[in-house]
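The values are calculated or read from the model by the stated rules, or taken from the named source; none is laboratory data. This is a predicted model, so every value here is computed, not measured. All Cβ positions, even for glycine, are placed from backbone atoms using ideal geometry, and neighbour counts span all protein chains on display. Heads up: the accessible areas ignore ligands, DNA and RNA and are worked out on the full protein's heavy atoms, side chains in. Shrake-Rupley method; radii C 1.70, N 1.55, O 1.52, S 1.80 Å.
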Amino acid sequence: MPRKQREKSGTGIYHVMMRGINHQDIFEDRGDYWKFLKLLRMQAFPEDKSGKPLPSHIIIYAYCLMSNHVHLLVREREDGVVPPIKSIAISYAQYFNNKYEHSGQVFQDRFKSEPVNDMAYFVTLLRYIHQNPVAVGIVTTVDVYTWSSWCEFDDTKACSVPVCTTQHVLNRIGREELLELIKDPLPKALNILDLNNETEQRVSDEKLRQYMAEITGGASASSIQHYDRETRNEFVRQLKTYGGSIRQISRLTGISFGIIRNA
């Protein structure tokens, strides 16, 4: 069956989502988040070898980096939205595979996108993207999450790797108004691209990651799949006993359903 063509945006603005293959984590530590942000900056604010600014490949209005997926609110430039996002995905996958001695895909197929054709939906997405960590229970307020673009809109904070063109947004929405909108939780029943509707987990991802670090002596989640079979299966059994579901353990470690089920 031929691949469905991307729906074209009349404004050139898109909500883009990149997800780890089989919902697996794509960020293991702070260095991974920094690497991804630097790749975003290279597309938003490219420079030549001497450091002279070049025309942007893409305009970024907002982002949120979650453990296993990324949300971006972007505007395409002359070459469209696909080349810069594809470049980011390829570069990050190469970095990830090299760092963690991983082989194969890092991201789930091609990235997903939806057009943003009016200001009302643009504002909804600004709220949705920044509220993502709150909605899944990682933090209680938007302003304390490290890996989103909110630091670029909040003038009381500093961003080490700024990638957004915030003035375009603030010209349309005042900072105080935007702050009030961000604080106001969106309803859960929204028709937004790939809304996280996974069933409630018995143990949160964060708690399971912490437990994995304890039983492995601080090893990354994805490294468990490379242990010898007996050691790997023993760790899997401990994770299951702790309360992790088969799907959850597979998503966090990259180990197949069958191995986890039979361990």
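Please work out if Glu114 is touching a Gly at 6+ places or on another chain (Cβ under 7 Å), closer than 23 Å to Ile173 by Cβ and not in a helix (DSSP H, G or I).
no
Any residue that is open to solvent by 10 Å² or more (accessible area, probe 1.4 Å), aliphatic (A, V, I, L, M), farther than 30 Å from Ser250 by Cβ and modelled with pLDDT of 95 or more - is there at least one of those in segment 9-32?
Among the residues of segment 9-32, at least one is open to solvent by 10 Å² or more (accessible area, probe 1.4 Å), aliphatic (A, V, I, L, M), farther than 30 Å from Ser250 by Cβ and modelled with pLDDT of 95 or more, which makes the answer yes.
Just to be sure, is Gln94 assigned to a helix (DSSP H, G or I), surrounded by 13 or more Cβ atoms within 10 Å (Cβ to Cβ), among the polar types (S, T, N, Q) and within 18 Å of the chain's Cα centre (by Cα)?
Here the answer is no, as Gln94 does not meet what is asked.
With closer than 28 Å to Ser56 by Cα, at pLDDT 85 or above and surrounded by 13 or more Cβ atoms within 10 Å (Cβ to Cβ) as the only criterion, which of Ile129, Ile192 stands out?
Exactly one residue qualifies, and that residue is Ile129.
To keep it simple, each residue is scored yes or no on (1) basic (Lys, Arg); (2) open to solvent by less than 60 Å² (accessible area, probe 1.4 Å); (3) not in a strand (DSSP E or B).
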| residue | (1), (2), (3) |
| --- | --- |
| Ser56 | no, yes, yes |
| Ala62 | no, yes, no |
| Lys86 | yes, no, yes |
| Ile90 | no, no, yes |
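Could you say which residue among Lys99, Lys157 is closer than 20 Å to Gln24 by Cα, more than 16 Å from the chain's Cα centre (by Cα) and either hydroxyl-bearing (Ser, Thr, Tyr) or surrounded by fewer than 19 Cβ atoms within 10 Å (Cβ to Cβ) (or both)?
From the options Lys99, Lys157, the qualifying one is Lys99.
Quick check on this structure: which one of Phe107, Phe122, Phe111 is aromatic (Phe, Trp, Tyr) and farther than 27 Å from Pro55 by Cα?
It is Phe107.
Between residues in segment 58-87 that are more than 16 Å from Phe153 (Cβ to Cβ) and residues that are among the acidic types (Asp, Glu), which pairs lie under 7 Å by C-beta distance while being six or more apart or on different chains?
Matching pairs, first to second residue: Ile58/Glu76; Ser67/Asp25; Ser67/Asp205; Asn68/Asp25.
Find all pairs meeting these conditions: Cβ atoms under 7 angstrom apart; at least six residues apart or on different chains; first residue within segment 97-123 and without any contact (Cβ under 8 Å) to a residue 24 or more places away in the chain; second residue open to solvent by 80 Å² or more (accessible area, probe 1.4 Å).
Asn97/Ser103
Residue pairs, Cβ under 9 Å, 6 or more apart or interchain, first in segment 163-176 and within 18 Å of Arg41 (Cβ to Cβ) and at pLDDT 95 or above, second part of a loop (DSSP other than H, G, I, E, B) and open to solvent by 40 Å² or more (accessible area, probe 1.4 Å). List them.
The qualifying pairs are Val163/Phe45.
Please find, among Glu180, Glu200, the residue that is at pLDDT 85 or above and open to solvent by 50 Å² or more (accessible area, probe 1.4 Å).
Glu180
Within segment 138-150, how many residues turn out to be within 17 Å of His69 (Cα to Cα) and open to solvent by 60 Å² or more (accessible area, probe 1.4 Å)?
Within segment 138-150, residues that are within 17 Å of His69 (Cα to Cα) and open to solvent by 60 Å² or more (accessible area, probe 1.4 Å) number 2.
Out of Pro83, Pro53, Pro46, report the one residue that is over 22 Å from the mean Cα position of the chain (by Cα) and not basic (Lys, Arg).
Pro53
In segment 207-233, which residue that is more than 21 Å from the chain's Cα centre (by Cα) and open to solvent by 80 Å² or more (accessible area, probe 1.4 Å) is nearest to Gln105 (Cα to Cα)?
Among residues in segment 207-233 that are more than 21 Å from the chain's Cα centre (by Cα) and open to solvent by 80 Å² or more (accessible area, probe 1.4 Å), the one nearest to Gln105 (Cα to Cα) is His226.
Report yes if some residue within segment 3-22 is among the β-branched types (Val, Ile, Thr), under 30 Å from Ile138 (Cα atoms) and assigned to a strand (DSSP E or B); otherwise report no.
yes
Does segment 160-176 hold any residues that are over 22 Å from Arg30 (Cβ atoms) and either open to solvent by less than 20 Å² (accessible area, probe 1.4 Å) or out of contact with any strand residue (DSSP E or B) (no Cβ under 9 Å at 6 or more places or on another chain) (or both), and which are they?
Gln167, Val169, Leu170, Asn171, Arg172, Ile173, Gly174, Arg175, Glu176
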